[in-house]
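S.K.: Sharing a structure below in structure tokens format, with a few things to ask.
Values quoted throughout were computed directly from the atomic coordinates according to the rules given, and no laboratory measurement underlies them. These numbers come from a predicted model, not from an experiment. Every residue, glycine among them, receives a Cβ derived from its backbone with ideal geometry; neighbour counts consider all protein chains shown.
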Amino acid sequence: MKCPFNKIAVSLMFGVLLFLISSCKKETIYNEIDAFAHIQNKVTLDKGQYILSFTLASYPYSKVEVYVHDDLAVMYKQTGGKIYNAVSQSNNKYSVFFSPLEKSKKYYYQLIVNDSNGNTARSATFNFTTQP
């Protein structure tokens, strides 16, 4: 009994199969991380120094900052205010030491994280009021 396929047909089918395999685009998988999922932020006063402590999701951030302003409208426009660099403590915990701050004043802040690819994420806006 003769094979129903000849060498040309087999070669053609093999070539088409190779083309299809080689032309398939590999899917890029992105792992999205919510840096602020379990933030646990709090501002405390210790010996006249206001300290913000917070926890971020585990990730190798290239930079962690806190943007602070006493005017919420200006803060949303990001036209003023001050940026503080956060200090890594341990286990994804960070601290920022604010100074000088005026007494009896409400301040707003937002956490900013950057990764090595140039991506930036900003948290919600939080606030605290200094003591009189």
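S.K.: Can you compute the modelled spin-label distance between residue 16 and residue 91, with each label point 7 Å from Cα toward Cβ, in nm?
M.R.: A separation of 6.1 nm, rounded to one decimal place.
S.K.: At q = 0.20, 0.21, 0.26 Å⁻¹, what base-10 log of I(q)/I(0) does the Debye formula yield for segment 42-129 when every alpha carbon is treated as an equal point scatterer in vacuo?
M.R.: So the normalised log intensities work out to -0.97, -1.05, -1.45.
S.K.: Once you charge only the Cβ atoms, +1 for Lys and Arg and -1 for Asp and Glu, what is the size of the charge dipole of segment 30-132 about its Cα centre, to the nearest 20 debye? All intermediate terms of the calculation are to be shown ahead of the outcome.
M.R.: Values: 10 positive and 8 negative charges, 61 e Å.
Charge dipole, segment 30-132, about its Cα centre: 300 debye, nearest 20.
S.K.: OK, next. Quick one: net charge of residue 105's neighbours, Cβ under 12 Å, K/R +1, D/E -1?
M.R.: Numbers: positive: 103, 106; negative: 70, 71, 102.
Overall, the nearby charge balance is -1.
S.K.: Calculate one ³J(HN,Hα) per residue across segment 70-81 by plugging θ = phi - 60° into the Karplus curve 6.51 cos²θ - 1.76 cosθ + 1.60, and present them in order as whole Hz with x for glycine and proline.
M.R.: For segment 70-81, the Karplus-derived couplings read 9, 10, 4, 5, 5, 4, 4, 7, 6, 9, x, x Hz, x marking Gly and Pro.
S.K.: Report ³J(HN,Hα) in whole Hz for each residue of segment 38-47, in order, from the Karplus equation J = 6.51 cos²θ - 1.76 cosθ + 1.60 where θ = phi - 60°; Gly and Pro get x.
M.R.: My calculation for segment 38-47 gives 10, 5, 6, 8, 7, 10, 10, 10, 9, 6 Hz in order.
S.K.: Follow-up question, since we're still on this one. Write down the radius of gyration of segment 52-100 and its Dmax, each obtained from C-alpha positions, in Å.
M.R.: Calculated on Cα positions, Rg and Dmax stand at 12.3, 34 Å.
S.K.: How much FRET efficiency would the formula 1/(1 + (r/R0)^6) give for residue 82 and residue 121, where r is the Cβ-Cβ distance and R0 is 25 Å, rounded to 0.05? Don't jump to the answer; show the numbers that get you there.
M.R.: Numbers: r = 20 Å, r/R0 = 0.79.
E(calc), rounded to 0.05, equals 0.80.
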